[in-house]
Amino acid sequence: MNIAFIIHNQVETGPYWKVLEQCAAYAQLGHTVTLFATSPTARFRPHITLRDGVQVVEAPDMLWGRLRQGVDIWNACIRCRIVHTMHRLQPFDIVHAVDCRPTVIIPSLYMQRFLHVPLVLSWWDLFGNGSMRFGRAFALTFGLVEGWFETYFRRYADAATPITSFLARRLEHLGYPKDRIEVHHLGVDTTQEPLDYDTARSWLYHTCGISQEEKVLCFAGTIYEADFQLLLRALDIVQQHSIPYKIVWIGRHVIDDSICQRYHIYRVGVVPTMHEVYRYFAAADACILPMEVNDANAARWHSKMTDYLNAGAPVALTPVSDFPTYFSAYDIGWLARSSTPEDFAAVLLEALHTTPERRKQLGRNARAFVRQELDVKTIALRALHLYERCIHSYQNTALTHTSHSSP
């Protein structure tokens, strides 16, 4: 197949890396893949490179910085021109688009309507209707526009791949046919064997100066303020039990020094490679995922969760997204009963009291689970089978329409 994959994100930011990983899996399976994303700086000319066997098209954008988030019509028009030219040279068989911002949905519908390429549309997040992630003011202003884009164009997709069961139910509620919906989580490359717990722990003691008496929790990336406050309130309860611990925090998230000192947070900063990130995960007694139970978090599938588990680290988390289903079926960590600070503190304490032997067993379970359920090639094969059905159905519809139109 010749696959067009379209996202609004800038190259080397956000979900780009996970999308590139999935596209690379298609390429390894023998398919031709072009990934359309947004250039971080270009305003007029697109830039095309080959990465991991995937042709990456960086579309120019007239906005700047964080405003390059899929809303620039110039960017969308450039993408339409590029896909038209590429399609003439080598026709696309399928277009897979993620979410519905203008730079994604305009070229996707252009391909479907004018180039007759079937459209698979993913839904990966909830920023508009029902989401209070950025506060009430955003929800009642820009959130309404975001919500319209998130929902209105779903009806035109030939197939849909929401990232969670919550979003699948939203699609059904919008009237989208249930038989054309498949939940597809984000996969992860499971071929890289992580460090074992003892080796990684020795490395962590040397690198971060953490004492052997301290238990280690790990978190990666940024966190929304409400979820951060949930974590801090849970740690207030944990500290009443006088257990020596450190939270190793990887990534750019800004935390006040006084907060770090009070809650024993060791900031690593940006880590250059995923291999080193996995070292931190593998050294932890538990990785953590504190999230309030709300619609926005129910809609999300945290890629950091798959990275935690892929590194052989058990996870302590709140009951959001589709994670409770897996944590009920597999012994891979600690699931809180609710997202109250008290319940999250309870699973943190359980993780901190876990013996090294039990921690190692949980880590082995985590790796086995990811290989079985979330390997990127397994996810890619599911998507490819959906593409084939979608193309076949699209061709049959076209033939039927042609026969009915004949004199």
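The values are calculated or read from the model by the stated rules, or taken from the named source; none is laboratory data. This is a predicted model, so every value here is computed, not measured. In this analysis, Cβ positions are derived from the backbone assuming ideal geometry, glycine residues included, and neighbour counts consider all displayed protein chains.
Taking segment 25-38 as the search range and keeping residues that are among the small types (G, A, S) and not in a loop (DSSP other than H, G, I, E, B), which one is surrounded by the fewest Cβ atoms within 10 Å (Cβ to Cβ)?
The extreme case among them is A27.
Hey, could you check segment 233-254 for residues that are outside any helix (DSSP H, G or I) and free of Cβ contacts under 8 Å to residues at least 24 places away in the same chain and say which is farthest from I223 (Cα to Cα)?
Within segment 233-254, the match that is farthest from I223 (Cα to Cα) is S242.
May I ask you to verify whether N365 is in the same structural domain as L230 (by TED's automatic domain parsing), of a type in the set (S, T, N, Q) and buried (at least 22 other Cβ atoms within 10 Å of the Cβ)?
It is false that N365 is in the same structural domain as L230 (by TED's automatic domain parsing), of a type in the set (S, T, N, Q) and buried (at least 22 other Cβ atoms within 10 Å of the Cβ).
Residues in segment 242-253: is at least one under 17 Å from C287 (Cα atoms) and in contact with a Gly (Cβ under 6 Å, 6 or more places away or on another chain)?
Checking segment 242-253: at least one residue is under 17 Å from C287 (Cα atoms) and in contact with a Gly (Cβ under 6 Å, 6 or more places away or on another chain).
For segment 152-181, enumerate the residues that are under 18 Å from R382 (Cα atoms), surrounded by fewer than 18 Cβ atoms within 10 Å (Cβ to Cβ) and either of a type in the set (A, V, I, L, M, F, W, C) or in contact (Cβ under 8 Å) with a residue 24 or more places away in the chain (or both).
Selection gives S165 alone.
Can you go through A282, A299 and tell me which one is modelled with pLDDT of 95 or more, surrounded by 22 or more Cβ atoms within 10 Å (Cβ to Cβ), among the hydrophobic types (A, V, I, L, M, F, W, C) and not assigned by TED's automatic domain parsing to the domain that holds T164?
Of the residues listed, the single one that is modelled with pLDDT of 95 or more, surrounded by 22 or more Cβ atoms within 10 Å (Cβ to Cβ), among the hydrophobic types (A, V, I, L, M, F, W, C) and not assigned by TED's automatic domain parsing to the domain that holds T164 is A282.
Looking only at segment 39-62, filter to residues that are polar (S, T, N, Q) and in a loop (DSSP other than H, G, I, E, B); which one of those is surrounded by the fewest Cβ atoms within 10 Å (Cβ to Cβ)?
T41
When L204 is evaluated against the numbered criteria (1) out of contact with any strand residue (DSSP E or B) (no Cβ under 8 Å at 6 or more places or on another chain); (2) at pLDDT below 95, which criterion, by number, is the only one it fails?
(1)
Here's a check for you: in segment 302-327, which residue that is polar (S, T, N, Q) and in a loop (DSSP other than H, G, I, E, B) is surrounded by the most Cβ atoms within 10 Å (Cβ to Cβ)?
T318
Would you be able to say whether some residue in segment 372-379 is surrounded by fewer than 17 Cβ atoms within 10 Å (Cβ to Cβ) and closer than 29 Å to D227 by Cα?
Scanning segment 372-379, I find at least one residue that is surrounded by fewer than 17 Cβ atoms within 10 Å (Cβ to Cβ) and closer than 29 Å to D227 by Cα, so the answer is yes.
Does at least one position in segment 13-20 carry a residue that is modelled with pLDDT under 95 and touching an Asp or Glu at 6+ places or on another chain (Cβ under 8 Å)?
no
For segment 244-302, enumerate the residues that are over 20 Å from H185 (Cβ atoms) and in contact with a Pro (Cβ under 7 Å, 6 or more places away or on another chain).
A282, A286
Please determine, by comparing only the residues of segment 314-324 that are under 18 Å from the mean Cα position of the chain (by Cα) and in contact (Cβ under 8 Å) with a residue 60 or more places away in the chain, which one is farthest from Q361 (Cα to Cα).
S321
Being under 26 Å from the mean Cα position of the chain (by Cα) and either polar (S, T, N, Q) or surrounded by fewer than 17 Cβ atoms within 10 Å (Cβ to Cβ) (or both) is the filter here, so list the residues in segment 63-96 that pass it.
Matches in segment 63-96: L63, W64, G65, R66, L67, Q69, I73, N75.
Which residues, taken from segment 328-346, are assigned to a helix (DSSP H, G or I), in contact (Cβ under 8 Å) with a residue 12 or more places away in the chain and either under 24 Å from the mean Cα position of the chain (by Cα) or on the phi > 0 side of the Ramachandran plot (or both)?
Hit for segment 328-346 is F344, nothing else.
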